[in-house]
1. Can you list the lysines whose alpha carbon is less than 19 Å from that of residue 125, not counting same-chain residues fewer than 8 positions off?
2. What relative contact order, as a whole-number percentage, does the chain give when Cα pairs under 8 Å and 6 or more residues apart are counted?
3. For residue 42, list long-range residues whose amide hydrogen, built 1.01 Å from N in the peptide plane, is under 5 Å from its own amide hydrogen.
4. Check cross-link reach from residue 180 to the lysines: straight Cα distance under 19 Å, and skip same-chain residues fewer than eight apart.
5. So, with +1 on the Cβ of K and R and -1 on the Cβ of D and E, and no other charges, what is the size of the charge dipole of segment 74-192 about its Cα centre, to the nearest 20 debye?
6. Between residue 64 and residue 13, what is the label-to-label distance in nm when each label sits 7 Å out along the Cα-to-Cβ direction?
7. Taking the square root of 5 times each eigenvalue of the Cα gyration tensor, what semi-axes in Å does the equivalent ellipsoid of segment 29-70 have, largest first?
8. Taking segment 111-176, which GluC sites (Glu not before Pro) meet the DSSP loop condition and have no more than 15 other C-beta atoms within 10 Å?
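Derivation of every value follows stated rules applied to the coordinates shown; laboratory data play no part. Only a predicted model underlies this, so the values are computations on that prediction, with no experimental measurement involved. All Cβ positions, glycine included, derive from the backbone under ideal geometry; neighbour counts span all protein chains shown.
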Amino acid sequence: MCDTCGCHSPSSTTIEINQSLLAANNQAAHANQHRIEAMGAVALNLISSPGSGKTTLLEKTIEALGDKLRIGVIEGDIETERDAERIRAKGVPVVQLTTGGACHLDAPLVARGLDAIERELKGEKLDLLVIENVGNLVCPATFALGEHQRVVLVSVPEGPDKPAKYPSAFHSSKLFVITKIDLLPYFDFPVNEATADALALNPDLRVMALSSVSGQGMEEWFDFLLEFTG
Ligand SMILES: Nc1nc2c(ncn2[C@@H]2O[C@H](COP(=O)(O)OP(=O)(O)OP(=O)(O)O)[C@@H](O)[C@H]2O)c(=O)[nH]1
Ligand SMILES: [Mg+2]
């Protein structure tokens with residue numbers, strides 16, 4: 001069982017401990033949000049299964065918007081610096097957080113990431129901070145990190161049933177991004193079904209579909225980011 005989010009059959013004692021952990025997490029998330037705003041930035045928290053294309057989307061975003069927006073990235077993974085190395089190669093401030101086994105980031109860990117980003121910035125400002133959560137469609141939804149918006153992503157090869165089967169991230173996100181649409185000819189992924197299921201869970205959800213490989217749909221994502229950062 002995950003040591004903090006209690007993702008199976010909790011006892012009443014477990015529920016009490018989890019509630020106090022979540023209250024402490026929310027307090028830390030609030031403090032993180034103030035620090036992010038002090039950097040001049042707004043923050044996104046990207047949530048998806050492993051391999052949905054989060055880091056690739058960030059690479060393409062930095063390539064396209066790097067001269068318009070000052071972007072910083074916090075990478076969350078269980079192990080390795082690999083995603084941070086990919087983002088560092090694009091020349092923006094980045095820090096890798098490794099959870100050592102936990103299936104999600106939490107706000108106190110992100111606070112340590114903010115320490116590192118602030119050291120790297122040396123007083124310079126950011127427009128956008130993107131937090132790429134650990135690849136997992138369940139546990140990250142429970143933990144606020146200080147983000148201003150959550151984005152949930154599902155890739156075409158994962159199948160259209162993910163919103164219905166893993167609803168929590170869809171309840172708490174403002175934007176649902178269907179990724180890898182260049183693969184639609186090869187997979188049975190009715191975009192309208194996935195969209196309808198997601199909207200049934202959260203009617204306010206904005207939905208977009210894109211491919212980091214073909215570039216299809218990317219303009220809408222870039223426009224969203226420019227609007228989001230104001
Ligand atoms: N066909 C296709 N492949 C993609 C696309 N975006 C990413 N990929 C591939 O999908 C794989 C996973 O991409 P990543 O960007 O590393 O995925 P991620 O969500 O960051 O993965 P984790 O950090 O491990 O959760 C890589 O082999 C990418 O090249 C896309 O739009 N189309
Ligand atoms: Mg990644």
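1. Straight-distance partners of residue 125: 68, 90.
2. 23
3. HN-HN under 5 Å from residue 42: 128, 129.
4. List returned: 54, 60, 162.
5. For this selection, approximately 200 debye.
6. 5.2
7. Gyration-tensor ellipsoid for segment 29-70: 22, 17, 4 Å.
8. Counting only loop positions with at most 15 other Cβ atoms within 10 Å, the GluC sites (Glu not before Pro) in segment 111-176 are 124.
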